[in-house]
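Each remark here refers to the structure printed beneath this line.
The values are calculated or read from the model by the stated rules, or taken from the named source; none is laboratory data. Everything numeric in this text was worked out from a predicted model, so none of it was measured. All Cβ positions, even for glycine, are placed from backbone atoms using ideal geometry, and neighbour counts span all protein chains on display. Note: areas computed on protein heavy atoms with side chains; ligands, DNA, RNA excluded. Shrake-Rupley method; radii C 1.70, N 1.55, O 1.52, S 1.80 Å.
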Amino acid sequence: MHTWWLDPAGDDGIRERVDAVRRDITGALALAHELGETLPAPGSADTLVLWDALARCASVDLTATRAIEPHLDAVGILGQAGIDAPVGATLGVYAAEGPAGRLSATLSGDRWRLDGVKPWCSLAGDVTHALMTAWVDDERRGLFLVNMRQDGVRPEDTPWVASGLSLIPSGPVRMDSVEAIPIGEPQWYLSRPGFAWGGVGVAAIWYGAAVGIAQQMLRAAQRRTPDEIALMHLGACDSALAAARAVLREVAADVAAGAVPTGSEWPCAVRVRDVCAQTVETVLRHADHSMGPAPLTSDEHYARLVDDIRVYVRQHHAERDQITLGHALLI
């Protein structure tokens with residue numbers, strides 16, 4: 001039978017585990033910790049196993065997946081640096097920059113301290129630790145491990161009016177002389193090959209959410225004899241999902257074989273992210289046209305998945321990423 005899963009032999013039991021912590025942040029972080037001890041790191045020979053697991057999680061609940069993915073990414077980053085995660089930790093990754101200020105790192109004696117504001121810090125009040133970038137001078141950023149429970153760490157409340165990802169607070173965090181442990185040399189976080197493959201992991205989540213939406217369409221078609229319009233919409237979704245699945249599997253195979261040329265990792269990741277983001281938009285459009293308002297107004301699980309992915313996929317930089325790809329072709 002045809003499958004949309006990235007790895008047909010993957011562990012479908014992970015979907016039941018995510019379903020048990022749906023919209024439960026504490027439970028999702030506990031599950032993240034468990035999965036971090038068993039799932040492979042991005043960039044490893046088993047990268048497809050990781051991406052398939054993320055996609056299966058996302059097909060069930062994006063709120064839980066949004067808590068799980070950063071922890072897995074952080075464990076992988078620390079592993080690439082040769083460092084174990086703190087015992088019992090749940091982790092976030094905060095590397096965004098914004099116009100409201102910036103986070104600076106200063107070496108004081110033999111200790112680094114962070115001061116300033118870091119934007120877009122999802123679940124900063126829930127995770128125990130975080131990896132975050134901070135400016136060590138005017139041109140370079142370093143990566144630091146921060147205990148989020150120490151004095152001086154102050155998550156700021158900001159309005160979140162969207163219904164999508166409403167349980168994932170993602171406001172700024174203010175740091176006042178917060179002790180931090182450097183991870184790698186300055187600029188290491190962005191230059192390491194694993195940075196690109198972590199970005200593809202997010203694309204696998206987008207893909208998984210699209211699978212979840214398409215599965216709703218498939219179930220609707222199976223409940224009653226579909227007309228030709230319903231079949232057309234279902235077929236269009238299948239084609240779009242097949243394209244995204246193909247590029248995700250191809251890149252996972254190239255990563256496992258060490259076949260991605262040095263220096264082309266990020267353009268490769270941007271290409272996959274673009275394909276997966278377009279697939280999400282295609283599936284959403286066909287689902288809306290095929291099923292109309294009924295599941296959006298009567299099926300809470302489906303409606304939340306749609307709301308969540310509409311917000312989550314906007315991490316894609318759309319036309320700006322396509323410009324990046326265009327430039328890469330000319331180099």
- Item | Loop trypsin sites (Lys or Arg not before Pro), region 254-331 (other Cβ atoms within 10 Å of the site Cβ: 10 or fewer; DSSP) | none
- What residue among Val173, Val87, Val283 shows peak mean-square fluctuation when the chain is described by a Gaussian network model with Cα springs under 10 Å? Val87
- Message: Just to be sure I understand the model, the point goes 7 Å from the Cα along the line to the Cβ. What's the resulting Glu185 to Asp12 distance in nm?
- Response: 4.9
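Could you give the length gained by full extension between Glu34 and Leu330, i.e. 0.36 nm per residue of separation minus their alpha carbon distance, to one decimal place? Spell out each step's value before the answer.
Working: separation 296, 0.36 × 296 = 106.56 nm, distance 4.37 nm.
Additional length available on full extension: 102.2 nm.
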- Query: Name the residues of region 276-293 whose amide N is less than 18 Å from a point 7 angstrom out from the Cα of Glu228 along the C-beta direction?
  - Reply: 290
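Out of the DSSP beta bridges found with both residues in region 1-159, what percent are antiparallel (nearest 5)?
Details: 14 of 19 bridges.
If I count the DSSP bridges inside region 1-159, around 75 percent turn out antiparallel.
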- Place a +1 charge on the Cβ of each Lys and Arg in region 249-331 and a -1 charge on the Cβ of each Asp and Glu, then give the dipole magnitude about the Cα centre in debye, rounded to the nearest 20. 120
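Accessible area of region 277-331 with a 1.4 Å probe: how many percent of it is carbon plus sulfur? Don't jump to the answer; show the numbers that get you there.
Values: 1770 of 3220 Å².
Within region 277-331, the accessible surface is 55 percent carbon and sulfur.
Quick check for you: with a 1.4 Å probe and neighbouring chains kept, what is the accessible area per residue of the chain, in Å²?
Computed with neighbouring chains in place, this is 47 Å² per residue.
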- Exposed GluC sites (Glu not before Pro) absent - longest run of the chain, DSSP non-H/G/I/E/B, at most 11 other C-beta within 10 Å: 140-331
- Item | Of all accessible heavy-atom area on region 53-129, the percent that carbon and sulfur account for (1.4 Å) | 52
- Message: Could you compute the net charge surrounding Arg304? Neighbours are other residues with a C-beta less than 14 Å from the C-beta of Arg304; K and R count +1, D and E count -1.
- Response: -3
- Item | chymotrypsin sites (Phe, Trp or Tyr not before Pro) within region 18-113: DSSP coil, no more than 11 neighbouring Cβ in 10 Å | none
- Message: If I build a Gaussian network model for the chain, linking alpha-carbon pairs within less than 10 angstrom, which residue out of Ile25, Ile83, Ile168 has the largest mean-square fluctuation?
- Response: Ile83
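Tally Lys/Arg at +1 and Asp/Glu at -1 over every other residue whose Cβ is under 13 Å from the Cβ of Pro155; what's the total? Working shown, then result.
On the way: positive: Lys118, Arg149, Arg154, Arg174; negative: Asp126, Glu156, Asp157, Asp176.
Once all neighbours under 13 Å are counted, the net charge is 0.
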- Item | Phi to ³J(HN,Hα) by Karplus 6.51 cos²θ - 1.76 cosθ + 1.60 over region 12-18, Hz, x for Gly, Pro | 6, x, 5, 5, 5, 5, 5
- Net lengthening on full extension, Thr128/Ala303 (0.36 nm per residue, minus Cα-Cα): 59.9 nm
- Message: Within 10 Å of each candidate Cβ there may be at most 10 other Cβ atoms; applying that plus a DSSP loop requirement, which trypsin sites (Lys or Arg not before Pro) in region 215-261 survive?
- Response: Arg224
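Give me the percent of accessible area attributable to carbon and sulfur for region 184-264, probe 1.4 angstrom.
On the way: 2010 of 3670 Å².
Exposed carbon and sulfur together represent 55 percent of the surface.
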- Item | Label-zone membership for region 105-133, site Trp160, 7 angstrom Cα→C-beta point, backbone N under 11 Å | 121-126
